[in-house]
Amino acid sequence: MTGPGSLVPDPLHPEGPLPTGPLPEGADLRGETARLPETRGLWATAFRELSHKRSARIGMVMLGLLVLVAIFAPLIAPYEPTQVLLGKEDVRPRDPPCIHLFGCDDSKPQHILGIDGNGRDEFSRLIYGSRVSLIAGVGSVAVAVAAGTLLGLLAGFFGGRIDNLIMRVMDVLLAFPSLLLAIAIITVMGQGLINAMLAISVVTVPAYARVVRSAVLTVRENDYVAADRALGVSTSRIIWNRILPNSLTPLVVQATLGVATAVLEIAALSFLGLGVRPPTAEWGSMLAAERNQVFTAPHLVFFPGLAIMWNVLSFNLLGDGLRDALDPRLNR
Amino acid sequence: MSDTAPHLLEVDNLSTYYFTRDGVVKAVDGVDLRIDRGEILGLVGESGCGKSVTSLSILRLVGEPGKIVSGSIHFEGEELLTKTIHEMQAIRGDRISMIFQQPVSSLNPVYTAGFQIAEVYEVHQNLKRKVGLEKAVEMLARVGISDPVRRAKSYPHELSGGMAQRVMIAMALAAGPELLVADEPTTALDVTIQAQILDLMRQLRADMGMAIILITHDLGIVAEMADRVAVMYAGCIVEEATTDVLFARPKHPYTVGLIGSVPIIGTRKEWLEVIPGRVPNLIDLPPGCRFASRCRARVDNNLGICTVTEPDLLEVEPAHKVRCWLYQEIPS
Amino acid sequence: MARFVARRLLYSIPVLLGILLVTFLLARVIPGDPCRAMLGERATDQICDAFMERKGLNEPIWVQFGIYIKDVFTGDLGESFRFGRPVTTMLLERLPITIELSMAALTVAVLVGVPFGIISGYKHNSLADVATMVGANIGVSMPVFWLGLMLQYLFAVVLGHTFLSLPPSGSLDAGLIPQPFYAVWGLPAWGIFDFFSNMNVLNAALSGNWEAFRSAAGHLILPALALGTIPMALIARMTRSSLLDVLSLDYVRTARAKGLPEKRVVVRHALRNAMLPVVTVIGLSLGTLLGGAILTETIFGLSGVGKSLYDAITSRDYAVVQGFTLVVAVGFVLVNLVVDLLYTYLNPKVRVT
């Protein structure tokens, strides 16, 4: 169990948020003292390292495209996502795609991905789905990070009983397979996108709490914090100036990878009918609606799933790239 | 030793470069070395001067992104740089052995000390495990470990630094090599343990007759142990002489500075000699002598040539070579 | 070592209590009448009064919790109102299918993930490495349900008329009802045998029924593949990074300096250490598998714990939801505990302290 007293690495991110270790010989041979990221601007270094790594570049491009699609959805999508076309155009549910460029007759209305089971334009729903996906993923992680940071600070700072209590609760949360726990929470709270986001937030809080807590524990013992205290620096400034920057890097990596997980889980919840309510265009529920038609209309299943994969992959690549870029080791 | 009789090991013009993303690091740049049977050669220099990389190059253990780019290494008349990996594997551990700086981490944590020594016998002398283990126990006794039978069953993390280094020595000498390369064997050990290990090495040299290349930054060790000394700076040899001669009549300004900077108990000095400046960047070496920027003698003697052309390593008295314009004809 | 084991077990207890608490609250927090939640909308007031009394639902909350714990320990997980059967019985019928699926998925994940991870790690930055890592990244980003549906399409439609065709759903070919293995062997019908006889592939293998084996295995391949993809990718990545780490360590350099043949260096010295974290990833993947099982079983129509849980949620069969969730969570904790202990055992650095 990945909790206190456990020696076991976190399976989802087995490489850990930030590996530590001695600097390799290469650092000496260059004849310069190794420069810590802090002295060169953390973000500048991170961006430079990131752009060197091909996979991270690809991730950034993928994410960039997705964000652009989400922002410019109304311009890209030919129809409204919830607009039922049955009656207005001569189409039937699950009509195959009609692309004029590829030979579809000009008299028929163009539907790049065809019509879905309820008579709506699949392509438009796919485009608008990007908004839901991004907002849901980032939103739930943001809430989880906020809550996790607070809990981690409390646990690390006050130690003792409070620490024990908070960490035990985190352990209980981690004791359930995450999807299962989310399902349980939704069962109680009822269906809906906000509820799904909250459920995922609750399930993923422990990871962030632990990151912040361990940063607090590390920093608490440092000499410069003792110096701060001796100088009478207030606790909140210590938190702001010392602890948060220290936990920032692993948090950022964890959060980026966390968005990937959140998107997958929210899609899974929607697939199970526990997430967004119809007629919202969300990729997971679009998949679910057409799941029994996979043999006859596979495109209605393929593209939403591909979109989910695109979203998740971009965050995964970005998160992996960030982890390597912010690694204090200079080689590899 | 005369230069005409064949030496045990002859290194000629060895260059090992590291091809990193920031440039080519010339870790070893044109190094010549000789060592004869039973001799102890001290290889001295500060961190990053290339002494470790030289030793790794002899056994061809240089890892990515390093590569031996030129030179030749003759061992007992055979050219090592053209041998196949299999042939090198036959030589390593059997005819040339190496011990490293951090003994505990240089031993595999999941195997016992006895097993790791026995491996040498299994691989090089084709002995069975049981026989190998018996001989391992003998070897442990020979390196001065008390209760060798029990110690053979210990895991590396159960051993102290000194004991672990004895195990390393036992492992290295198990097959009776002609040459032992010792890369800073006592740097990580306490001073008292240091003395014991050095004594052990001297005694084993007397018993088994192997030559030792002793790499260190500690002049005291060199003075005590070595027959001859080579001083390295920024990737090349700057002075080479027998120990007595080197300490009595150091010629290269760097060597003078090194010797002068060591405080000697019982003597009084106004101040300790300090060599100003830093080791140069091995990627962008300035033209001329590598030590020029830190050399007081250059300034005192107003030598302009030092920053233009690099001097050669020349013999200035019998068995004493220096690479310095102070002792050479300056070309006009 | 014994002390460590004891300590870990002790740590588990508050967690198990927490799980009991959470599952207990699960039913209590659901909006509406607990009686109707458990028995369905059609229960009459009379039945409800008797129900509340029998279940002690008029007692203070902590007494109810006590009753709940007692019930759990005596194996009474309530009754499914949808089927009118004890939850425990339903669980024991469905658990073998889920376990069989998880084991199959795990096997696929390990048999593919580990070798690829090793090759990737050893030939750092080669084409094989890059390809494997790209594959692993994609694998880890794929929604399980989508992969399952795509596999169904691929093997039932696209390859439908080739020899590679695979059935898209169900556990066995229609109409095929193989004998339980204990009947074939003339063994008594003990519960434990019955449990294992519900694992179709295993049962067929044990009874020597080749036709049933082929049918069961054929039906298991696609779900196992779908479910095992994410663990496969994680295992490959972990193996690679662990091996890369270990290959740069001092003792690997020593092993080479000793003149050991490269194969021995990699297998005996590097892998022996590198596989330790991988073992834990493998063990912990079981947790991911449990979560994914819900989705996979639903898509492939396998009647395991996952699908039943999902059906129960949608039909508001709360006793089933509560009972199954409890068992899955406890199972998860136990698996993690075993993995932790296994890791300790394999890592001599910790074993002796």
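Here, each number is a calculation from the coordinates, and none is a lab measurement. Every value quoted in this text rests on a predicted model; they were computed, and no experiment measured them. Here Cβ is always computed from backbone atoms with ideal geometry, including for glycine, and neighbour counts include all displayed protein chains.
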Original post:
Can you list the strands (runs of 3 or more DSSP E) found entirely within region B:198-258 that contain at least 1 residues being more than 18 Å from residue B:327 (Cβ to Cβ)?
Top reply: B:211-216, B:228-233
Subject >> Every residue from region A:283-298 that is closer than 20 Å to residue A:85 by Cα, in a loop (DSSP other than H, G, I, E, B) and not aliphatic (A, V, I, L, M) >> reply: A:290
Original post:
Which residues, taken from region C:115-132, are aliphatic (A, V, I, L, M) and surrounded by 20 or more Cβ atoms within 10 Å (Cβ to Cβ)?
Top reply: C:118
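Every residue, every condition in (1) within 14 Å of chain A (Cβ to nearest Cβ); (2) within 22 Å of residue C:105 (Cα to Cα); (3) surrounded by fewer than 20 Cβ atoms within 10 Å (Cβ to Cβ); (4) among the aliphatic types (A, V, I, L, M), yes or no:
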{"position": "C:189", "(1), (2), (3), (4)": "no, no, yes, yes"}
{"position": "C:192", "(1), (2), (3), (4)": "no, no, yes, yes"}
{"position": "C:205", "(1), (2), (3), (4)": "no, yes, yes, yes"}
{"position": "C:219", "(1), (2), (3), (4)": "no, yes, no, no"}
{"position": "C:225", "(1), (2), (3), (4)": "no, yes, no, yes"}
Original post:
Name the pairs: first residue in region C:115-138 and closer than 18 Å to residue A:53 by Cβ, second residue of a type in the set (Asp, Glu), Cβ to Cβ under 6 Å, at least 6 apart or on different chains?
Top reply: C:120/C:129
Subject >> Among the residues listed as C:265, C:327, C:335, the single one being more than 7 Å from chain A (Cβ to nearest Cβ) and within 17 Å of residue C:92 (Cα to Cα) >> reply: C:327
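Results for (1) free of Cβ contacts under 8 Å to residues at least 40 places away in the same chain; (2) on the phi < 0 side of the Ramachandran plot; (3) of a type in the set (Phe, Trp, Tyr), shown as yes or no for each residue.
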{"site": "B:165", "(1), (2), (3)": "no, yes, no"}
{"site": "B:168", "(1), (2), (3)": "no, yes, no"}
{"site": "B:174", "(1), (2), (3)": "no, yes, no"}
{"site": "B:194", "(1), (2), (3)": "yes, yes, no"}
{"site": "B:208", "(1), (2), (3)": "yes, yes, no"}
{"site": "B:211", "(1), (2), (3)": "no, yes, no"}
{"site": "B:227", "(1), (2), (3)": "no, yes, no"}
{"site": "B:233", "(1), (2), (3)": "no, yes, yes"}
Original post:
Taking residue A:265, is it out of contact with any Gly (no Cβ under 7 Å at 6 or more places or on another chain), crowded, with 23+ Cβ neighbours inside 10 Å and more than 8 Å from chain C (Cβ to nearest Cβ)?
Top reply: yes
Original post:
Within region A:226-270, which residues are without any contact (Cβ under 8 Å) to a residue 40 or more places away in the chain, farther than 30 Å from residue A:313 by Cα and in contact with a helix residue (DSSP H, G or I) (Cβ under 6 Å, 6 or more places away or on another chain)?
Top reply: A:228, A:238, A:242
Original post:
Looking at residue B:28, is it closer than 29 Å to residue B:205 by Cα, under 19 Å from the mean Cα position of the chain (by Cα), in contact (Cβ under 8 Å) with a residue 12 or more places away in the chain and within 14 Å of another protein chain (Cβ to nearest Cβ)?
Top reply: yes
**OP:** Please give the number of the condition residue C:287 fails out of (1) out of contact with any helix residue (DSSP H, G or I) (no Cβ under 8 Å at 6 or more places or on another chain); (2) within 19 Å of residue C:229 (Cα to Cα).
**Re:** (1)
Subject >> Total residues in region C:289-324, condition farther than 20 Å from residue C:195 by Cβ, at the interface with chain A (Cβ under 7 Å from one of its Cβ atoms) and touching a Pro at 6+ places or on another chain (Cβ under 6 Å) >> reply: 1
Subject >> Qualifying position, being of a type in the set (Gly, Ala, Ser), assigned to a loop (DSSP other than H, G, I, E, B), within 14 Å of another protein chain (Cβ to nearest Cβ) and touching a Pro at 6+ places or on another chain (Cβ under 9 Å), among B:175, B:188 >> reply: B:188
Subject >> Answer residue from region B:61-113, given it is polar (S, T, N, Q), in a loop (DSSP other than H, G, I, E, B) and within 29 Å of residue B:134 (Cα to Cα) and is farthest from the chain's Cα centre (by Cα) among those >> reply: B:112
**OP:** Considering each residue of region A:297-326, count those that are surrounded by 23 or more Cβ atoms within 10 Å (Cβ to Cβ), among the charged types (D, E, K, R) and more than 8 Å from every other protein chain (Cβ to nearest Cβ), and give that number.
**Re:** 1
Original post:
Does any residue in region A:97-109 that is more than 13 Å from residue A:122 (Cβ to Cβ) come within less than 8 Å, Cβ to Cβ, of a residue that is part of a helix (DSSP H, G or I) six or more places away or on a different chain, and which pairs are these?
Top reply: A:106/A:100
Subject >> So residue B:136, is it touching an Asp or Glu at 6+ places or on another chain (Cβ under 7 Å) and either touching a residue at least 24 places away in the same chain (Cβ under 8 Å) or aromatic (Phe, Trp, Tyr) (or both) >> reply: no
**OP:** Mind counting the residues in region C:293-316 that are polar (S, T, N, Q) and assigned to a helix (DSSP H, G or I)?
**Re:** 4
**OP:** Scan the helices (runs of 4 or more DSSP H) fully inside region C:107-206 and keep the ones with 3 or more residues being more than 30 Å from residue A:288 (Cβ to Cβ).
**Re:** C:127-141, C:181-185, C:191-197
Original post:
Considering region A:61-111 alone, what residues qualify as being acidic (Asp, Glu) and part of a loop (DSSP other than H, G, I, E, B)?
Top reply: A:80, A:90, A:95, A:105, A:106
**OP:** Please work out which one of (1) more than 11 Å from every other protein chain (Cβ to nearest Cβ); (2) assigned to a helix (DSSP H, G or I); (3) farther than 17 Å from residue C:142 by Cβ is the condition residue A:280 fails and give its number.
**Re:** (2)
**OP:** Quick one: which residue in B:255, B:267 is among the polar types (S, T, N, Q) and within 29 Å of residue B:39 (Cβ to Cβ)?
**Re:** B:255
Original post:
When the residues of region C:66-90 are filtered to those that are among the acidic types (Asp, Glu) and either in a helix (DSSP H, G or I) or surrounded by fewer than 19 Cβ atoms within 10 Å (Cβ to Cβ) (or both), which remaining residue is nearest to the chain's Cα centre (by Cα)?
Top reply: C:76
Original post:
If you go through region B:297-317 one residue at a time, do you hit one that is among the basic types (Lys, Arg) and closer than 22 Å to residue B:30 by Cα?
Top reply: no
**OP:** Could you please find all residues in region B:157-172 being buried (at least 19 other Cβ atoms within 10 Å of the Cβ), more than 9 Å from chain C (Cβ to nearest Cβ) and not in a loop (DSSP other than H, G, I, E, B)?
**Re:** B:162, B:163, B:164, B:165, B:166, B:167, B:169, B:170
Original post:
Checking residue B:265 against (1) under 22 Å from the mean Cα position of the chain (by Cα); (2) in a loop (DSSP other than H, G, I, E, B); (3) hydrophobic (A, V, I, L, M, F, W, C), which single condition isn't satisfied?
Top reply: (1)
**OP:** Please state which one of C:249, C:243 is hydrophobic (A, V, I, L, M, F, W, C), within 11 Å of another protein chain (Cβ to nearest Cβ) and more than 20 Å from the chain's Cα centre (by Cα).
**Re:** C:249
Original post:
Looking at region A:155-205, which of the residues that are away from chain C (no Cβ under 12 Å) and closer than 14 Å to residue A:141 by Cβ is surrounded by the fewest Cβ atoms within 10 Å (Cβ to Cβ)?
Top reply: A:198
